[in-house]
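Engineer: Sharing a structure, written as structure tokens. Questions coming.
The values are calculated or read from the model by the stated rules, or taken from the named source; none is laboratory data. Keep in mind that this is a model prediction, so the values were computed, not measured. Please note: Cβ atoms are built from the backbone with ideal geometry, for glycine as well, and neighbour counts cover all protein chains shown.
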Amino acid sequence: MNIKKKNFLQVFGLALLCLININAFAETRIAILEFELKDLTLAPRVPSEIERTASIKPLLEKELRGAGYTIVNIDHQSQINSNAGKGYLFDHHDVAAELGKKFNADYVLVGRLHKPSFLFAYLMGHLVRVNDGKLIGNYISEAKGPNKKLTIKTVESLAVKIDRTLDNRYTPPPSKK
């Protein structure tokens, strides 16, 4: 092998390695919208359920931030301005993507706490890729009962599902007994 060809291959290999390393450390920017409560029980929207629903976004942000994701903040008013009504952003991925684009996010998670019974609820999330407005993840995690510890475990379950779709680097905390 002549010297020029060997030098070219070394430089090419080094450049390729640099590109791979840059992509490996690229930030994944995810915006998590405030979760909506869809309460179908006979006593809907009790304060404890409103409080539980409000706790989901910060819990999920904490889990994903701990895994190395960059959390993009979309203020409440911007979310309201993009939302044409209850469940609109959950069902209109293109609009959720446009909102994420305004805040330079790569992905937007639109979530809902769906409560069909007093005994259980479902934490639901739609993960939308911002650059093309496509739904790339449709997640459901069941929470049995309104207990705060169960809500935290359900959020961790949701974080695992989101991470499997994205970068696969999240490890939920061990169970406390």
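Engineer: Give the stretch 27-54 a look and list any residue that's more than 23 Å from Ala84 (Cα to Cα) and of a type outside the set (D, E, K, R), or say none.
Structural biologist: Residues satisfying the conditions are Thr28, Thr41, Leu42, Ala43, Val46, Pro47, Ser48.
Engineer: If you don't mind, there's one more thing I want to ask. Which residues, taken from the stretch 121-173, are among the basic types (Lys, Arg) and under 20 Å from Asp39 (Cβ atoms)?
Structural biologist: Hits for the stretch 121-173 are Lys144, Lys148.
Engineer: Determine whether Arg65 is modelled with pLDDT under 95, of a type in the set (Lys, Arg) and at negative phi.
Structural biologist: When the stated conditions are applied, Arg65 does not pass them.
Engineer: Taking the stated definitions as given, is Leu150 surrounded by fewer than 17 Cβ atoms within 10 Å (Cβ to Cβ), out of contact with any Ser or Thr (no Cβ under 9 Å at 6 or more places or on another chain) and more than 19 Å from Lys62 (Cβ to Cβ)?
Structural biologist: When the stated conditions are applied, Leu150 does not pass them.
Engineer: Among the residues of the stretch 150-170 satisfying the criterion of being farther than 13 Å from Tyr122 by Cα and among the polar types (S, T, N, Q), which is nearest to the chain's Cα centre (by Cα)?
Structural biologist: My answer is Thr165.
Engineer: Let me ask you something else. Is the stretch 96-103 home to any residue that is touching a residue at least 12 places away in the same chain (Cβ under 8 Å), exposed (fewer than 13 other Cβ atoms within 10 Å of the Cβ), touching a helix residue (DSSP H, G or I) at 6+ places or on another chain (Cβ under 9 Å) and not charged (D, E, K, R)?
Structural biologist: No, the stretch 96-103 contains no residue that is touching a residue at least 12 places away in the same chain (Cβ under 8 Å), exposed (fewer than 13 other Cβ atoms within 10 Å of the Cβ), touching a helix residue (DSSP H, G or I) at 6+ places or on another chain (Cβ under 9 Å) and not charged (D, E, K, R).
This table checks each residue for (1) of a type outside the set (A, V, I, L, M); (2) at pLDDT below 95.
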position	(1), (2)
Arg112	yes, no
Leu123	no, no
Val130	no, no
Asn138	yes, no
Leu150	no, yes
Val155	no, no
Ala159	no, no
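Engineer: Right, another one. Let me spell it out: the conditions are (1) within 19 Å of Thr41 (Cα to Cα); (2) part of a helix (DSSP H, G or I); (3) in contact with a His (Cβ under 8 Å, 6 or more places away or on another chain), and Met124 meets all of them except one. Which number is the exception?
Structural biologist: Result: Met124 fails condition (2) only.
Engineer: Among the residues of the stretch 67-95, write down those that are out of contact with any strand residue (DSSP E or B) (no Cβ under 9 Å at 6 or more places or on another chain), touching a residue at least 24 places away in the same chain (Cβ under 8 Å) and surrounded by 12 or more Cβ atoms within 10 Å (Cβ to Cβ).
Structural biologist: Those that are out of contact with any strand residue (DSSP E or B) (no Cβ under 9 Å at 6 or more places or on another chain), touching a residue at least 24 places away in the same chain (Cβ under 8 Å) and surrounded by 12 or more Cβ atoms within 10 Å (Cβ to Cβ): Ala67, Gly68, Ser78, Gln79.
Engineer: Inside the stretch 158-177, can you point out the residues that are without any contact (Cβ under 8 Å) to a residue 24 or more places away in the chain and either surrounded by fewer than 16 Cβ atoms within 10 Å (Cβ to Cβ) or part of a loop (DSSP other than H, G, I, E, B) (or both)?
Structural biologist: Selection gives Arg164, Asn168, Pro173, Pro174, Ser175, Lys176, Lys177.
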